[in-house]
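Down below is the structure, laid out as structure tokens.
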Amino acid sequence: MKRKIIRQGHNTLTMTLPAEWSKKLNLQAGDEVDLVEDSGSLVINGKQNNGFKSITIDITGLSIPMLWRFFQGAYREGYDEIKLKYENGDKRYPSIFDYYASKFEYSKMGEKQRDKSALEMITDLVNRFIGIEIIDHGDDYVIIREMGDISSKEFDSSLRRIFLLILDLFEKTVELVEKNKIGDVSIGKTLHTMDTNVDRFIDYCCRINNKIKDSSFQKNKPIMFSTLYLLELLGDEFKYIGRHLINAKKKVTDLLPFTELVKEHFESYYHFFYKFSKKSVIEFGELDTKVYKEHFKLKETKNSGLDKIRRHLMLISKFTFALAELRIEGELGKGNNILE
């Protein structure tokens, strides 16, 4: 749509807002809107609170993985209230918290998981996400609602928390490799639980990113969503490392120097994510080259557990490099002379 610019007074230019858009957002004379300047474009955001958003999802017949994805999608999208409907009866559900690990990995080691009622299963699901609670339930439904308000300040602190939790995962992995902790199911469970905490804050950041409409979020949303997605994939690699440590038959201590190097690589990215400078970029690039050289020096061995862990560590470094690309893109978007 096009609008004609109207001169008012000596130095003021105005234009009209589309009637349908204004009506949809219930904008009135005197209301404030948020303007975002982006090169040759000017983005106009309506009211911060665009109304109460609710959705009903019928989970009847859905597998646990599909149920999870529908609920996670609604949570990330920023719905204030989510109603889950299911068939009334005595149907039992497997654990939703660690479905794949408990169904395939832990079961191989003789562990048995207790199936749960729909309400128990959904309670476990809701407890996994930040800022929501079950407020009502009946024979065939559960209603979940957001408790309290969210802010951009919470986004910043939650994002920082994601980085610190991933660094904790690195510390734990280095310790496990150094002490040759293998063959114990608790190893996998520890790393799995730590990664789940990373995922909780990633989902929360995605939710905030979708709900906050002010100018500080608008321009960087695509890069930030991609960053969160890659951080989630990176964190998942520690779960797979944990499973290989459980199943390892031979020592893995020879992998310690490479594990520490991959950790240092991520730490370098973390530092220039928050304090971008030419020096930090150069240091990261040198470490990135070193990781690749060391990886290709390590030849395939007869120790399959060690080789599998090494490949997952290399994937972590590849995700780290992709994250660095996004950070550089975000800095270039500011139009600063960043390498002077």
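The values are calculated or read from the model by the stated rules, or taken from the named source; none is laboratory data. Values in this document were obtained by computation on a predicted structure and should not be read as measured data. For neighbour counting, all protein chains shown are included, and Cβ atoms are generated from backbone atoms with ideal geometry for every residue, glycine included.
Quick notes on this structure:
- Across region 22-36, the number of residues qualifying as within 32 Å of the chain's Cα centre (by Cα) and outside any loop (DSSP other than H, G, I, E, B) comes to 4.
- Here Phe276 clears all of (1) part of a helix (DSSP H, G or I); (2) touching a helix residue (DSSP H, G or I) at 6+ places or on another chain (Cβ under 6 Å) except the condition numbered (1).
Okay, residues lined up against (1) under 20 Å from Asn180 (Cα atoms); (2) surrounded by 18 or more Cβ atoms within 10 Å (Cβ to Cβ); (3) under 28 Å from the mean Cα position of the chain (by Cα):
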residue	(1), (2), (3)
Asp254	yes, no, no
Lys278	no, no, yes
Glu286	no, no, yes
Val291	no, yes, yes
Lys334	no, no, yes
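- When region 133-178 is filtered for residues that are in a strand (DSSP E or B) and of a type in the set (Asp, Glu), the ones remaining, listed by number, are Glu133, Asp136, Glu146.
- Any hit, region 295-315, residues being of a type in the set (Gly, Ala, Ser) and exposed (fewer than 13 other Cβ atoms within 10 Å of the Cβ): no
- Some residue of region 180-195 being farther than 25 Å from Glu260 by Cα and either of a type in the set (D, E, K, R) or buried (at least 17 other Cβ atoms within 10 Å of the Cβ) (or both): no
- Qualifying position, being within 16 Å of Arg76 (Cβ to Cβ), part of a helix (DSSP H, G or I) and in contact (Cβ under 8 Å) with a residue 24 or more places away in the chain, among Leu245, Leu233, Leu191: Leu233
- Being out of contact with any Ser or Thr (no Cβ under 9 Å at 6 or more places or on another chain), at pLDDT 80 or above and exposed (fewer than 10 other Cβ atoms within 10 Å of the Cβ) is a property that holds for Glu20.
- When Leu176 is tested against (1) assigned by TED's automatic domain parsing to the domain that holds Phe71; (2) at pLDDT 95 or above; (3) surrounded by 14 or more Cβ atoms within 10 Å (Cβ to Cβ), only condition (1) is not met.
- Leading residue by the ranking (farthest from Ala322 (Cα to Cα)) among those in region 256-283 that are at pLDDT 95 or above and of a type in the set (A, V, I, L, M): Leu256
- Residue check for Glu260: closer than 13 Å to Leu176 by Cβ, of a type in the set (Asp, Glu) and in a helix (DSSP H, G or I): yes
- Test result for Lys213, out of contact with any Leu (no Cβ under 8 Å at 6 or more places or on another chain), modelled with pLDDT under 95, in a loop (DSSP other than H, G, I, E, B) and within 27 Å of Phe272 (Cα to Cα): yes
- Selection status of Thr193, closer than 22 Å to Ser304 by Cβ and of a type in the set (Ser, Thr, Tyr): no
- For Ile223, the criteria (1) surrounded by fewer than 22 Cβ atoms within 10 Å (Cβ to Cβ); (2) farther than 30 Å from Asp34 by Cα; (3) hydrophobic (A, V, I, L, M, F, W, C) hold in every case but one, which is (2).
- Some residue of region 221-237 being closer than 22 Å to Gly188 by Cα, modelled with pLDDT of 90 or more and touching a His at 6+ places or on another chain (Cβ under 9 Å): yes
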